1. For Gln5, project a label point 7 Å along Cα to C-beta. Then give me every residue of the stretch 19-59 with its amide nitrogen under 20 Å of that point.
2. Tabulate in residue order the Karplus-calculated ³J(HN,Hα) for the stretch 78-83, using 6.51 cos²θ - 1.76 cosθ + 1.60 with θ = phi - 60°, rounded to whole Hz; enter x for Gly and Pro.
3. Which whole-number percentage describes the relative contact order of the chain, with Cα contacts under 8 Å and a sequence gap of 6 or more?
4. What's the center-to-center distance, using Cα atoms, between the stretch 49-70 and the stretch 83-113 in Å?
5. Under the rule of at least 5 residues apart or a separate chain, name every residue whose amide H is placed under 5 Å from the amide H of Asp127.
6. Rounded to whole Å and ordered largest first, report the semi-axes of the equivalent ellipsoid of the stretch 1-60 derived from its Cα gyration tensor (root of 5λ).
7. Report the percentage of all Cα-Cα pairs in the chain whose separation exceeds 17 Å, rounded to a whole percent.
8. Under 14 Å from the 7 Å Cα→Cβ point of Val88, by amide nitrogen: which residues of the stretch 105-126?
Amino acid sequence: MSETQTIQTREIVQNFYQALANRELQKLTGFFAEQTDWDIPGDQELAPWLGKRENKRQIKAFFELLWQNTEPVTAQIEHILAEGDFAVATGHFSSKMLRSSQIYSSIFSAHFTIKNGQIVRYRFLEDSNGLVEALCLP
């Protein structure tokens, strides 16, 4: 594992979050390999943007569904820890659930594996119980 690889991994993750903050869909999907092992666990019937995805078309659909159903309120990346081709980002965010008008706040960790300059594996962990509560109408 080289220091150059670690630096590249950290830069890709930082650039990913910059594109996410700016809602640059084309740029976001460009960070992912054509075949990607993606998973955001949760209730897909309640929150259709959750679940497994395996290609750029499905990843694009994730962002479209997320943005159709939520409105960002706050987001903070606290740490990006990188080693070789692997990185973990931690932080917290708040989003308004458009269906219920409830604010959902959660800590998160996102796990990235980078090969040949692209994300090939992505895991996102959040407070899924809090998400369910925020999506259910009061």
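1. So the set is 32-37.
2. 8, 9, 10, 10, 10, 8
3. Working: 260 pairs, mean separation 34.4, N = 138.
Relative contact order for the chain comes out at 25 percent.
4. 14 Å
5. Ile107
6. Values: eigenvalues 117, 40, 25 Å².
Ellipsoid half-lengths, sorted descending, are 24, 14, 11 Å.
7. That fraction is 60 percent.
8. Within reach of a label on Val88, which here means backbone N under 14 Å from a point 7 Å along Cα→Cβ, the stretch 105-126 contributes 108-113, 123-126.
Just so you know, all these numbers are worked out from the coordinates, no wet-lab data involved. Just so it is clear, the model here is predicted, and its values are computed rather than measured. Don't worry about glycine lacking a Cβ; one is built from the backbone with ideal geometry, like all the others, and counts go over all protein chains shown.
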